[in-house]
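> Structure in structure tokens, see below.
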Protein chains: 2
Amino acid sequence: MSVTIKDVAREANVSVATVSRALNGHANVTHALRGRIREVATRLRYMPHGAARSLITRRTQTLGAILPDLYGEFFSELMRGMDVAAREHNLHLLVSSSHGSAEETADALRALSGRVDGLLVMSPHADAALLAQNLPPAVPTVLMNTRAGDGDYHTLAIDNHGGARTMVRHLLACGHRRIAMIAGPESNFDAEERLRGVRDALSDQADGELVVLRGDFSEKSGYMAGLEIQRMARRPQAVFAANDMMALGCLFALNVAGVSVPRDIALAGFDDIPMARFVTPPLTTMRVNIAELGERAARTLIGTLAGDDTPPRGIGAPELIIRESCGSPPSRRTAADPR
Amino acid sequence: MSVTIKDVAREANVSVATVSRALNGHANVTHALRGRIREVATRLRYMPHGAARSLITRRTQTLGAILPDLYGEFFSELMRGMDVAAREHNLHLLVSSSHGSAEETADALRALSGRVDGLLVMSPHADAALLAQNLPPAVPTVLMNTRAGDGDYHTLAIDNHGGARTMVRHLLACGHRRIAMIAGPESNFDAEERLRGVRDALSDQADGELVVLRGDFSEKSGYMAGLEIQRMARRPQAVFAANDMMALGCLFALNVAGVSVPRDIALAGFDDIPMARFVTPPLTTMRVNIAELGERAARTLIGTLAGDDTPPRGIGAPELIIRESCGSPPSRRTAADPR
DNA sequence: CCGCACCATGTAAACGATTACATCGCGGCT
DNA sequence: AGCCGCGATGTAATCGTTTACATGGTGCGG
């Protein structure tokens, strides 16, 4: 049995109320007494029982995060950002990851709903309907990278559309006109936004041509797309993959086929995964700041908890990272690209 | 105000006790009544209040994870493994990451101690003393990748020593005799274990020679080491870096200096980060299964919670991944190295 | 010198669940 | 027919904390 506030009270010869007040920094406790109580508490290794406290205060000091199956860098960066914000406010992070289906997401939603003060949700399956159905309306929620139109919830996202547009404009500026896009799956929100950005950028350019191939964000699908591109009669001058992994797959396919990047064809990706600058040639890409997305989402949620009901300001803008794969004059960097 | 068990009881014309029994699948509730209560509960969107439940059951259904500042793949894999095990037992994961100092780790330990049923700790700062001082003795704890000798706690680790030995044996088998090791910092447990493995493997080989350089696991320190190696009078025949990032740094340094890998010098790393198979030449390395480490640690903890007090069986053995950088006959793989 | 206000501290009621124990009704056995 | 036992349900104690309210002592003003 662990030590409770009663033990501290007994040991210090005061009532539990006084202990509570002393330890929580309330006014109206003599300085000397507070000191004595503190001393006793640490001597006894007293730790308040979180559940009991939550029960009465209706606060859990915990933020819940519902995430899809995330691999690699993305996941850790996102968590890191959320953690930074949470820690600042002495909040904890309860995570529930690896949700492959709407069913699983709903379960997670229900399971977490009672244990957290608010929820950070990133899930392809989480639309407004699912949330409404599985959450008590009282749980503040912030959505990340979700399909728009979920008006009732605060939503944050990477500016996929703007990022893709920026990249295509850069490719156009490099003189490329026939552009192939290796897009992501149609069901994916990020993927569609990026494709939309590409279309918009090209619609500004009268003599631009676009051919769209579908991938699934995997390296392998990029490889397949690369083989196909290399076989084309009118080969595109530039390839823009919806993420770096597909860009790398494509790069290998082109290498295997003896097509040189960037001499014969330009190539660009999206995400700036660490690997991007290590391949030859280093990959031009859009850097997205995942940690910032997580941090902002957490901050927004925390704001909501505090009663601040201003919707989140703006969305994260990816940054164009020009390396050698796109055929623009290489910027002066060492191979290792130190920051 | 959210809906409580009382509301359900009132609506179903029964007592709270019956509702509790019905919903928790206890015996002694009529089938019909149970059905009615279930129906009312879902209609009212009743969700049990986790804190209230924890208060009386003394279980939080939550595992705490204390992690250091972890970037990248490692973090997400570890979490994924822990999540898999936790989810199987309907447990949640409360994470507290980014602890740079012993002070911070201690804070996190204290903050989490009341909110979880058990703790998974990976931290360079968490030795037995720190834990004992900041945790109620009742909290079951499993340590990961920590310095040995923390007898009171269950401990799991990657077999760094065995992995390093395996790699050096492979290098020896390839015919290399003068071997340079780019080690990690002396303060790091993993680093020292790997170094020890190297020494042990070489002590079996009469004509083996070892030169040790120190790095700090960063790419940059690998780069510096590479420059140094390339300048050596009696250049080593093989370089073994304590992790892949340093191996890559070294590779770039050698490239810049015009030393060809593996023709002029062999190179190997440790970790098998995704990038390892994308560089040219693809990097020979030891694959460590982080997810498995996390999963095992979680399982061990869960076992302890269930009263099962057998110490964890064995430790994760890294797997030798032979690619082209070590100068052994390349195995037949495509550039993309599909699994 | 009395009384009032105020401040430090104590008492006890919540919070929402679980569960030991009490109760009630019914059927079967003697 | 009466009693016993058992199965279904209700009553209330309990977990550890916070906090509204009660209490009591002290100092100050009239």
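The values are calculated or read from the model by the stated rules, or taken from the named source; none is laboratory data. What you see is a predicted model, and the numbers here were worked out from it, not measured in a lab. Counting neighbours? That spans all protein chains shown, and the Cβs are built from the backbone with ideal geometry, glycine included. Surface accessibility is based on the protein's heavy atoms, side chains included, excluding ligands, DNA and RNA. Shrake-Rupley method; radii C 1.70, N 1.55, O 1.52, S 1.80 Å.
> Which condition breaks for B:Asp107 when tested against (1) more than 33 Å from the chain's Cα centre (by Cα); (2) closer than 24 Å to A:Ala86 by Cβ?
The failed condition is (1).
> In region A:3-31, how many are within 10 Å of DNA strand C (Cβ to nearest atom) and assigned to a helix (DSSP H, G or I)? Steps first, please.
Just the residues of region A:3-31 that are within 10 Å of DNA strand C (Cβ to nearest atom), to begin with: A:5, A:9, A:12-22, A:26-31.
Retained after the next criterion (residues that are assigned to a helix (DSSP H, G or I)): A:5, A:9, A:12, A:16-22, A:31.
So the answer is 11.
> Please determine, by comparing only the residues of region A:191-212 that are of a type in the set (A, V, I, L, M, F, W, C) and crowded, with 20+ Cβ neighbours inside 10 Å, which one is farthest from the chain's Cα centre (by Cα).
Among residues in region A:191-212 that are of a type in the set (A, V, I, L, M, F, W, C) and crowded, with 20+ Cβ neighbours inside 10 Å, the one farthest from the chain's Cα centre (by Cα) is A:Leu202.
> Within region A:57-106, take every residue that is of a type in the set (Asp, Glu) and within 7 Å of another protein chain (Cβ to nearest Cβ) and give me the one that is surrounded by the most Cβ atoms within 10 Å (Cβ to Cβ).
A:Asp83
> Show the residue pairs that are 6+ apart or on different chains and have beta-carbon atoms under 7 Å apart, the first residue being within region B:12-39 and closer than 19 Å to B:Thr57 by Cβ, the second being assigned to a loop (DSSP other than H, G, I, E, B) and within 8 Å of DNA strand D (Cβ to nearest atom).
From region B:12-39, the pairs are B:Thr18/B:Val29; B:Arg21/B:Asn28; B:Arg21/B:Val29; B:Ala22/B:Val29.
> A further question follows. Anything in region A:110-129 that is modelled with pLDDT of 85 or more and away from DNA strand C (no atom under 16 Å from the Cβ)? List them, or say none.
Of everything in region A:110-129, those that are modelled with pLDDT of 85 or more and away from DNA strand C (no atom under 16 Å from the Cβ) turn out to be A:Gly118, A:Leu119, A:Leu120, A:Val121, A:Met122.
> Read through the list (1) crowded, with 21+ Cβ neighbours inside 10 Å; (2) in the same structural domain as B:Ala164 (by TED's automatic domain parsing), then give the number of the only condition that B:Glu228 fails.
Result: B:Glu228 fails condition (1) only.
> A further question on this structure: What do you reckon, is A:Arg115 of a type in the set (Lys, Arg) and crowded, with 22+ Cβ neighbours inside 10 Å?
Yes; evaluated as a whole, the condition is true for this residue.
> Considering region B:32-56 alone, what residues qualify as being part of a helix (DSSP H, G or I), open to solvent by less than 50 Å² (accessible area, probe 1.4 Å) and within 11 Å of DNA strand C (Cβ to nearest atom)?
Correct list: B:Ala41, B:Leu44, B:Gly50, B:Ala51, B:Ala52, B:Ser54.
> Just for region B:1-22: of the residues that are more than 13 Å from DNA strand D (Cβ to nearest atom) and open to solvent by less than 90 Å² (accessible area, probe 1.4 Å), which one is nearest to A:Pro137 (Cα to Cα)?
Per the stated criteria, the residue is B:Ser2.
> Looking only at region A:110-124, how many residues end up being part of a helix (DSSP H, G or I) and either more than 10 Å from chain B (Cβ to nearest Cβ) or among the β-branched types (Val, Ile, Thr) (or both)?
Final tally of qualifying residues: 0.
> Shifting gears a bit: Of the conditions (1) within 11 Å of DNA strand D (Cβ to nearest atom); (2) closer than 24 Å to B:Arg110 by Cα, A:Asn28 clears all except one; give me its number.
Only one criterion in (1) within 11 Å of DNA strand D (Cβ to nearest atom); (2) closer than 24 Å to B:Arg110 by Cα is unmet by A:Asn28, namely (2).
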